[in-house]
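First comes the structure, then the notes that go with it.
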Amino acid sequence: MTDEGRVVDPQAGDHSTSEGQAYGLFFALVANDRPAFDRLLAWTEANLADGDLGKNLPSWLWARGDDDRWGVQDPNAAADADVWMAYTLLEAGEQWCDPALSLRGAKLAEQIVVREVRTLPGLGPMLLPGPRGFRPAPDVWQLNPSYLALQPLLGLASRLPAGPWAEIAANGPRVILESRLHGFAADWTAYRNDQGFLFDPLPVAAPTASYDAIRVYLWAGMLAEESKGRSELLAGLGRMKDYVGENGAPPAVVGADGGVQDPNGSVGFSAALLPFVQAHGDEKAAKTLRNRLSAEYFPEDGLYTADPGYYDHNLVLFGLGWSEGRFAFEANGRLRTPWKDSQ
């Protein structure tokens, strides 16, 4: 994070995304770092939301353009970032006793409902990946299973019960499980009422279980034991646990036929699966994953691997942070932090 509050991806031309800003806000709250939180929020609102998150969803991409100027390069929003951001603002307002933050979170959530939530026939209220696109035909919607993290959806439902959040959370496991690729969570799927979940047309070249889908296991593993949908997700996604148990590390890419196309999942992938195997009670697999994390840790800079990446380190912060007890989620999705619990 820069001094001004911008989360930078050094492996992608130093660009910034609404996802990175949302995750940064979450981890600043977990760390009880209000100054960092305020810088992140101020930069996000000024540069991605035209100065007002209550009226505008944050644009997803801020980067250097062809004219060599920095700014928004794609004004479309990313719904997962929007949901995590609204959720974090509401949780921050509660934990820091700041009603203004809660109000901003509620207003952002209202924008998400208006612009990114649609009722799909035969399914019900659902979060689309963004306000524009993702509907290639009148009866087809494209969905990203990793955008359906139950914790923020349940948290929004708890704090904003008049919204569609509880129904979206209830529909999430169906999307994730009915769109699997031979037992592995899919990066993308399409939905048509008369045919269910499909893999044509997709906004990507071919159906895979990879970069996006790794977060499905992460979110499922961090659910509280009493959370609705947890048991179904753990059981339905168990093939990944079995694969890690047999091979010691997760695959990077699984194809539509269920075959592993690239076995070399990154260190971030291993961190993302740590809560998942722990939730299954598989301590042998958990130890294997922790050993890999330890082997790839560089204490001189506190980062992982010789070529540290933005996405991997977000997965590490989530997976390892949860495993170490730095934060947890209640059954209703609300955030728990040791610093708040000790007050």
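The values are calculated or read from the model by the stated rules, or taken from the named source; none is laboratory data. Remember, predicted model here, so these are calculated numbers, not experimental data. Because the Cβ atoms are built from the backbone with ideal geometry, glycine has one as well, and the counts that use them run over all protein chains shown.
Test of understanding: among Glu94, Glu116, which residue is of a type outside the set (Gly, Ala, Ser) and more than 23 Å from Ile176 (Cα to Cα)? Before you say what the answer is, go through the steps one by one.
On the way: Glu116 fails: more than 23 Å from Ile176 (Cα to Cα).
It is Glu94.
I'm trying to understand the selection: among the residues of region 74-113, which are free of Cβ contacts under 8 Å to residues at least 40 places away in the same chain and in contact with a strand residue (DSSP E or B) (Cβ under 6 Å, 6 or more places away or on another chain)?
Asp74 - this is the single residue of region 74-113 that is free of Cβ contacts under 8 Å to residues at least 40 places away in the same chain and in contact with a strand residue (DSSP E or B) (Cβ under 6 Å, 6 or more places away or on another chain).
If you check Asp52 against the conditions, is it in a loop (DSSP other than H, G, I, E, B), out of contact with any Lys or Arg (no Cβ under 8 Å at 6 or more places or on another chain) and surrounded by fewer than 21 Cβ atoms within 10 Å (Cβ to Cβ)? Write out each step before concluding.
Working: in a loop (DSSP other than H, G, I, E, B): yes; out of contact with any Lys or Arg (no Cβ under 8 Å at 6 or more places or on another chain): yes; surrounded by fewer than 21 Cβ atoms within 10 Å (Cβ to Cβ): yes.
Yes, satisfied.
Identify the residue in region 4-45 that is over 19 Å from Gly71 (Cβ atoms) and assigned to a loop (DSSP other than H, G, I, E, B) and, among all such residues, is nearest to the chain's Cα centre (by Cα).
Ala31
Which is surrounded by fewer than 22 Cβ atoms within 10 Å (Cβ to Cβ), closer than 23 Å to Gly122 by Cβ and not hydrophobic (A, V, I, L, M, F, W, C), of Pro263, Pro203? Before you say what the answer is, go through the steps one by one.
On the way: Pro263 fails: closer than 23 Å to Gly122 by Cβ.
Going through Pro263, Pro203 in turn, just one is surrounded by fewer than 22 Cβ atoms within 10 Å (Cβ to Cβ), closer than 23 Å to Gly122 by Cβ and not hydrophobic (A, V, I, L, M, F, W, C): Pro203.
Just for region 7-43: of the residues that are charged (D, E, K, R), over 14 Å from Trp339 (Cβ atoms) and out of contact with any strand residue (DSSP E or B) (no Cβ under 9 Å at 6 or more places or on another chain), which one is surrounded by the most Cβ atoms within 10 Å (Cβ to Cβ)?
Pass one, region 7-43, residues charged (D, E, K, R): 9, 14, 19, 33-34, 38-39.
Now drop any that are not over 14 Å from Trp339 (Cβ atoms), which leaves 9, 14, 19, 38-39.
Adding the requirement that they be out of contact with any strand residue (DSSP E or B) (no Cβ under 9 Å at 6 or more places or on another chain) leaves 19, 38-39.
Values: Glu19: 22, Asp38: 14, Arg39: 19.
Looking at the filtered set, the residue picked out is Glu19.
Give me the pairs: first residue in region 292-311 and within 17 Å of Ala249 (Cα to Cα), second residue loosely packed, with under 10 Cβ neighbours inside 10 Å, beta-carbon distance under 9 Å, and six or more apart or on different chains, which are they?
Glu296/Ala306
Take the residues in region 98-135 that are out of contact with any Phe, Trp or Tyr (no Cβ under 8 Å at 6 or more places or on another chain) and part of a loop (DSSP other than H, G, I, E, B); name whichever of them is surrounded by the most Cβ atoms within 10 Å (Cβ to Cβ).
Among them, the one singled out is Pro131.
Identify, by number, the condition in (1) within 17 Å of the chain's Cα centre (by Cα); (2) farther than 19 Å from Asp312 by Cβ; (3) not charged (D, E, K, R) that Leu218 doesn't meet.
(2) is the only condition that Leu218 fails.
In region 245-260, how many are modelled with pLDDT under 95 and either buried (at least 20 other Cβ atoms within 10 Å of the Cβ) or aromatic (Phe, Trp, Tyr) (or both)?
Number of matching residues: 0.
Of the residues in region 85-97, how many are in a helix (DSSP H, G or I) and more than 19 Å from the chain's Cα centre (by Cα)? Even if it seems obvious, please write down each step before you answer.
In the first step, residues of region 85-97 are kept if they are in a helix (DSSP H, G or I); the result is 85-95.
Add one more test, that the residue is more than 19 Å from the chain's Cα centre (by Cα), and what stays is 93-95.
Residues flagged as in a helix (DSSP H, G or I) and more than 19 Å from the chain's Cα centre (by Cα) within region 85-97 amount to 3.
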